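Colleague: Handing you a structure now.
Each reported figure results from applying straightforward, stated rules to the coordinates on display, with no laboratory input. No experiment lies behind these values; they were computed from the predicted model shown. Virtual Cβ from ideal backbone geometry, glycine too; neighbours counted across all protein chains shown.
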Amino acid sequence: MSPAPSVASKLYADDVSLLMVLVDTNPFFWGTAAANSSSLSFSSFLSHVLAFLNSIHLVNQLNHVVVIATGFNSCQCVYDSSETTNRISDDGLPAVYLKLLHNLEEFVNNDEKMCKNDFQTGLTSSLLSGSLSMALCYIQRVFRSGPLHPQPRILCIQGSPDGPEQYVAIMNSIFSAQRSMVPIDSCVIGAQHSAFLQQASYITGGVYLKPQHLDGLFQYLSMVLSFNDMTLILHEMQAFLFLCLAVWALTSTCSQMQTVFATDLHSRSVLQLPKPVGVDFRASCFCHKNTIDMGYICSVCLSIFCEHHKKCSTCGSVFGQPQADASKADRKRKAPGSPRHPRA
Amino acid sequence: MPQVRIIAKNFMDMVSALPAMKLDKLYENPFICEAILRSLPPLAKKYVLQMLYIENPILAKSMEEWLLADGYSKHKVALDRLVQLRVFSEISDSRKRETSYILNPTFQANLQKHLVYGGVLPREPMSSAITNRLPSLEDLEAYALEQWECFLLQLINSAQAERHSNISSSMMKVFQRGLLSQRDKEAPKLTEHGFQFLLMDTNAQLWYIIREYISNSEERGVDSADLISFLLELSFHATGEAYNVNTLTEFQKCIIKDLADLGLVKLQQGRKESWFIPTKLASNLSVSLSDTSSREQGFVVVETNFRMYAYSSSKLNCEILRLFSRIEYQLPNLIVGAITKESLYDAFENGISAEQIISFLQQNAHPRVAERVPSVPENVTDQIRLWESDLNRVEMMSAYVYDDFPSRDVFESACDFDSGLLWEDSKKMRMVVKGEIHMHMREYLRRQK
């Protein structure tokens, strides 16, 4: 018998994981991705995600996976492995994925409707802060139930650019993830690096990865052609067509996603994982939500502003007048390596 | 820990002991591939996933590059396991003196398929139209536990079991082998192993029994590989769903009756058809991960005054507690006892170690006290260990006394002769040596003369 079960660790001793996958479903991102032939389409992206989910379930039957769709205006849990049992539905597709695809489609439609109500030009970021908090809440719920719980981690698959207006909310989520020892892994499939996710992975000890060659990930896609008979079935199911294609494209496996992000916390201690090249520690100001290099910081509550104010909008402290000759000295550069805790 | 382990840690050790031919044949069944993969250490799983889409052998050297500096021992364990189970085959190039590894192609193909289609069930459950009134999951679990306890009681003490399961007495004899010892005309007595068996958690006990069942299968003319593959397949059925018995082969129908007696499945009879419902015990079969993965609700509270309250109505639990404590009284849902020196001495005499008792108490701690650290009061655990070491205060050892040495020189050289010296008195020139080196010493002294 293993010694010392007395150490009241409620974590499983093994590699049982609770994985929250945050999937970016931002229509603006995928719309531009579809127009650009070199980047991947939503359906092939989904196929990789589904294969990834399968591989997580494959390695341990106790693994618990939750998929949260991050939309433009909202976010929603579209799949929870603890709620469904896998079986083949009448259509020949695994019922779990039909449900996932169904939920996802519903979600995307709803999200689109909300989009029309308050559409602002220029803002194309996803509601990452929302889905991050949702994931953390879910993890907390799992922590509070049952005698044993799996090791949690969060995987963000993000394509759309950062929304500076979510800076405070996201930073708060990151710090609460750090407090509850939940690593945030990030896989950026968009064009540019995400400063938020770089910071998130850096602070929580997760892995940040921006695959260099997206086409390199999809070397197996050509094999879909050999699945002729299956595509025939697909034609009968017009409703799900664009999503179902995804399921049958599964022969391809996004090798990077699997090899990096399927690594459980247990094995991470002994394996070489991608190291961050550099982390963008820039913050957003609280007044105009712009990403800034230099700015003013309230000495009481550490709020960040891009221009001088008379009074701190967060804590109400009154600032002195900046002296003309000392204005340079007043401007503090945020020291890299020591991100401050902003308070919202 | 000093005690002998009476079980191989899990089923997979048995699988790996199968001959290569049989093992390769087993991998044709996708469920076995899945179960094997899940049983591997985490790092090994990772390697399999990494190799899943690689068809060429990979150099051992390049695999080592995946590692951080301090991960080498885990790497070695993982690779050994993979090679042992023939999931990886080792290819060594004698010319370049390089070793490389390749994933078993059948295994690889099955897992690739799994990634595409997801995990599917081995057979379709029956529709609820035919099988009305399926037991609820709680009922099923209660049924499984009751069945298992009944089996255990019968195993330990045939007279005590209220009702006898249908397991043939010859099968029972097989299970009892090693756990009970029977001298002529005496009631069978639990052996040291038997006590250890009782203190294990249900999963470990189940493994032990299943292992005996399998290793005995050849005698009954059943192919062990078939049996293993059926048991693993069974563990992938959904708990609480009904499956038609007619989908089983003749051979499997035979086995399922035995499994029903162990509480792994519940058999039910409808008007026309009959079906089996796998219980939690069955799904735990492929959970060979760690001891902790299926910890049950504990029931024991130990106080600092050595009194013990066990919230349980189970006869089996009472019997187990009686092994090392004095049961004082029993209420419908509560057993009250005390851990005393006498009761512990009885336990030690029966071959139970202090560590086993402590780990039993800790593992079965009532949820209220399990949250505390330590869950069993320290003074109690310390005292149990002290009482055990009390018994070991005097160690017996055969020895020989030498005296009347002819001279001091001879005496001193004899003292330096070997490490078997236990005691010496240089004034009176006397020494005591260990029994086993007596012959050497005698030889040596003869030559000195």
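Colleague: Points 7 angstrom from Cα along the Cβ direction at residue B:146 and residue B:382: gap in nanometres?
Modeller: Those two pseudo-labels are separated by 4.6 nm.
Colleague: What length, rounded to one decimal in nm, is gained on full extension from residue B:415 through to residue B:201, with 0.36 nm per residue of separation minus their alpha-carbon distance?
Modeller: Using 0.36 nm per residue and subtracting the Cα-Cα distance, I get 71.9 nm.
Colleague: What is the angle, in °, between the Cα long axis of helix B:105-117 and the longest principal axis of the Cα atoms in chain B? Nearest 10 is fine, range 0 to 90.
Modeller: For B:105-117 against chain B, the angle is about 50 degrees.
Colleague: Count, for each residue of B:107-114, the Cβ atoms from other chains sitting within 10 Å of its Cβ, then give me the mean as a whole number.
Modeller: Mean partner-chain Cβ count within 10 Å for B:107-114: 2.
Colleague: Next up: Once R0 is set to 45 Å, what does the formula 1/(1 + (r/R0)^6) return for the Cβ-Cβ distance between residue A:137 and residue A:36, expressed as a FRET efficiency to the nearest 0.05?
Modeller: Here the calculated transfer efficiency is 0.80.
Colleague: Please report, to two decimal places, log10 I(q)/I(0) for region B:11-117 at q = 0.09, 0.22 Å⁻¹ as given by the Debye formula with identical point scatterers on the Cα atoms and no solvent.
Modeller: Here the Debye-derived log intensity ratios amount to -0.22, -1.28.
Colleague: Right, another one. When the Kirkwood radius is taken over all Cα pairs of region A:127-182, what Stokes-Einstein diffusion coefficient follows at 25 °C and 0.890 mPa s, in µm²/s?
Modeller: 201
Colleague: If you bin the C-alpha pair distances of chain B every 10 Å from 0, what whole percents do you get?
Modeller: 4, 16, 21, 20, 18, 13, 6, 3, 1, 0
Colleague: Given B:45/B:253; B:113/B:253; B:25/B:173; B:76/B:113; B:173/B:257; B:25/B:96, which pairs have Cα atoms separated by over 26 Å?
Modeller: Correct reply: B:45/B:253; B:113/B:253; B:25/B:173; B:76/B:113; B:25/B:96.
Colleague: Same structure, new question: Compare the peptides B:226-234, A:45-53 by average per-residue count of other Cβ atoms within 10 angstrom and give them in order, highest first.
Modeller: So the peptides B:226-234, A:45-53, ranked by packing, come out A:45-53, B:226-234.
Colleague: Ranking request for peptides B:199-211, B:386-398: highest mean number of other beta-carbon atoms within 10 Å first, then the rest in descending order.
Modeller: Packing order, densest peptide first, comes out as B:199-211, B:386-398.
Colleague: In terms of the ratio Rg/(2.2 N^0.38 Å) built on C-alpha atoms, what value belongs to region B:322-447?
Modeller: Compactness ratio reported: 1.80.
Colleague: Summing Lys, Arg as +1 and Asp, Glu as -1, what charge do residues with Cβ under 13 Å from the Cβ of residue B:308 carry, residue B:308 excluded?
Modeller: Taking every Cβ under 13 Å from that of residue B:308, the sum is +1.
Colleague: Distance in nm between label sites at residue B:436 and residue A:301, each 7 Å beyond Cα in the beta-carbon direction?
Modeller: 7.7
Colleague: Same structure, new question: Pull out the extension gain between residue B:89 and residue B:333, defined as 0.36 nm times the separation in residues minus the alpha carbon to alpha carbon distance; nm, one decimal.
Modeller: 82.3 nm
Colleague: Which angle between 0 and 90 degrees, to the nearest 10, do you get for helix B:137-156 versus the longest principal axis of chain B when only C-alpha atoms count?
Modeller: Once rounded, the angle reads 40 degrees.
Colleague: Which of the peptides B:352-359, B:297-304 is most tightly packed, and how do the rest follow, going by the mean number of other Cβ atoms within 10 Å of each residue?
Modeller: B:352-359, B:297-304
Colleague: Shifting gears a bit: Which of B:45, B:272, B:280, B:266 has the fewest other C-beta atoms within 10 Å, and how do the rest follow up to the most?
Modeller: Ranked by crowding around the Cβ, least crowded first: B:272, B:280, B:266, B:45.
Colleague: Of all the C-alpha pairs in region B:260-405, what % are more than 18 Å from each other?
Modeller: For region B:260-405, the fraction of Cα-Cα distances above 18 Å is 67 percent.
Colleague: If you don't mind, there's one more thing I want to ask. Which whole number gives the average count of other chain Cβ atoms within 10 Å of the Cβ atoms across peptide B:235-241?
Modeller: If you average over the peptide's residues, the count of other-chain Cβ atoms is 1.
Colleague: How long, wide and thick is region B:230-280, going by the Cα atoms along their three principal axes, in whole angstroms, largest first?
Modeller: 28, 23, 18
Colleague: Assuming a ≥ b ≥ c are the square roots of the Cα gyration tensor eigenvalues, decide whether region B:303-385 counts as rounded (a/c under 1.5), prolate (otherwise, with a/b larger than b/c) or oblate.
Modeller: The shape class here is oblate.
Colleague: So if the hydrodynamic radius of region B:399-448 is defined as the Kirkwood radius over C-alpha pairs, what does Stokes-Einstein give as its diffusion coefficient at 20 °C and 1.002 mPa s, in µm² per second?
Modeller: 202
Colleague: Next question, about the same structure. How many nm is it between the label spots at residue B:346 and residue B:76, if each spot is 7 Å from the Cα in line with the beta carbon?
Modeller: It is 4.7 nm.
Colleague: Going by C-beta contacts inside 10 Å, put A:181, B:439 in order with the fewest on the left.
Modeller: Fewest-to-most Cβ neighbours within 10 Å comes out as B:439, A:181.
Colleague: Enter the angle in degrees (range 0 to 90, nearest 10) between the Cα long axis of helix B:202-215 and the first principal axis of the Cα atoms of chain B, meaning the one along which they spread out most.
Modeller: Its long axis makes an angle of about 90 degrees.
Colleague: Sticking with this one: Residues of A:53-63, mean number of Cβ from any other protein chain within 10 Å of their own Cβ, rounded to a whole number?
Modeller: 6
Colleague: Related question: Give me the distance between the Cα centres of region A:19-65 and region B:71-124, rounded to whole Å.
Modeller: Measuring centre to centre over Cα atoms gives 26 Å.
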